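Just below is one structure, and these are the notes that go with it.
Coordinate-derived values only; no laboratory data. Note that the structure is predicted; figures quoted are calculated from it, not measured. Positions of Cβ are backbone-derived with ideal geometry, glycine not excepted, and every protein chain shown enters the neighbour counts.
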Amino acid sequence: MLEETQYGYQFKSGTKINHLFYMDDIKLYANKEKDIDSLIHLSQVHSKNIGMTFSIEKCARLILKKDHSMLTDGLRMPNGTIKYIEEGYKNLGILHSNINHEVEVRHKAITEYKSRLGQVLQSQLNAKNQVMAINTYALPVIRYSAGIIKWTEEAINETNIATRKLLTMHGALHPKSDTTRLYFDRKDGGRGLKSLQQRVKEEEQGIKAHAASMATSGKCLGEFQSAALTMDLRHDDEKNDWRTKPVHGAYRRQISKVGDLHQTYMWLKNGNLTTNTDSLIIAAQEQVLPTRQLQTKVYHTRDDPRFRLCRDAPQTIQHIISGCKQLAGNDYPEWHNHVARVLYRSLCNEYGLNKPQHSFEGPVEVNENDLAKILWDFYSRIHKHVLANQPDIVVVDKENKRPILIDIEVPNDYNIASKKRQVRERSPSLRRDLKMLGCKNNCSHSRHWGTERNNTGA
Ligand SMILES: [Zn+2]
């Protein structure tokens, strides 16, 4: 009915349009005040016929003459008056008017985005869920306007910088950490944030593709297609890949030689730490934590690079983690036991054995049921004194009738390969020791395993 009136706004191409629909919203266009009022009345009469009514308070009429909006009395309708609007108005969340409001729309989107980002960062969500919330709750605010208003690379870069500032303020990104890493997949060692550039580009391309595919069915979409916005992106991603950076990527390159990257980054993929812990671990791996070595050699804010505890060697992450004699006495064994206990608990789960109530509670010496027997710290007990690097856990799987010796090592990343070798080389002598205990055939008879160790003569 609207199209039959022949009223409407005409494009240069000759295409005429007088209405846009979205769900139960309608937007009418015409060339003259008289024409638009006819269109409004026509819509109102038709709505009444199909049992719908205008929400008059939500309706508005804007009359433009040579780029100036006109003051009018509004339009009297049977159930009220449609007010006039002078400035602009919001339709589906985007500001419309006769003048260019892009700057304002962009500013509003960025403000809303930052406020949502702040909300997410203050939340108690774990690291993975925080990132997911940013991607699905904060980013869409900007994505929504893409393709309708212009997003320049400059505006996006500014927003990215503001994003990282907020992340740093909330302890979610170490100030010296690599920033490109934020946008890598978590299973690949990144933080899983979606890139704003990518999102805007996707949205623009999506709208454009939709307009292209629908252009034949709606002439207006054809007009849109020729006017559609696109953003030109420079592709310098490869240059900015954190994995190839000399310092930030060193840990990853080291690990990829000796270990399994997929398993190495399982903690990021599972994402159940807090964002702060995430960013701290990553900063440590990237070797950007302000150690005394870094403060002396790079920042020049200190003269003595030596570690406060031992005054023996420069304070580097590696030294703290695995090279300090002062920590070797208590701290390293403590870390080692933490790891052993985690493994012990999961072994208990696997065989349906009772496990300690809390992770800080020590395991029992012998834990047994019909399926298996698990001996904790068995080797050091039979030798009556603690030997370094001996198996921490012995598992006797009763079905397979085989003992499994588990030795936990918490090596520096650089030593994983040589530690693996050491463990393998040690195994034959352990086998001999176990045979000496009276076990000839790797059997699982209880008298050979721990509980009756005095009978074995050990
Ligand atoms: Zn030291």
FRET efficiency, Lys32 to Met52 (Cβ-Cβ, R0 25 Å, nearest 0.05): 0.40
Ranked Asp278, Asp331, criterion: other C-beta atoms within 10 Å, fewest first: Asp331, Asp278
The stretch 252-326: chymotrypsin sites (Phe, Trp or Tyr not before Pro) in DSSP coil with no more than 10 other Cβ atoms inside 10 Å: Tyr299
Label point distance in nm, Tyr332-His300, each placed 7 Å from Cα along Cα→Cβ: 3.6
Label zone at Val45, where the point sits 7 Å out along the Cα-to-Cβ direction: the stretch 70-86 residues whose backbone N lies under 20 Å: 75-82
Cross-link reach list, lysines versus Lys114, counting only Cα pairs under 23 Å and skipping chain neighbours closer than eight places: Lys90, Lys128, Lys150, Lys165, Lys176, Lys194, Lys201
Exceeding the 29 Å Cα-Cα cut-off - candidates Lys12/Lys34; Lys257/Lys373; Lys58/Lys108; Lys257/Lys398: Lys257/Lys373; Lys257/Lys398
By average C-beta atoms within 10 angstrom, highest first, the peptides 397-403, 182-188: 182-188, 397-403
Estimated inter-spin distance, Tyr137 and Glu202, nm [label 7 Å along Cα→Cβ]: 1.9
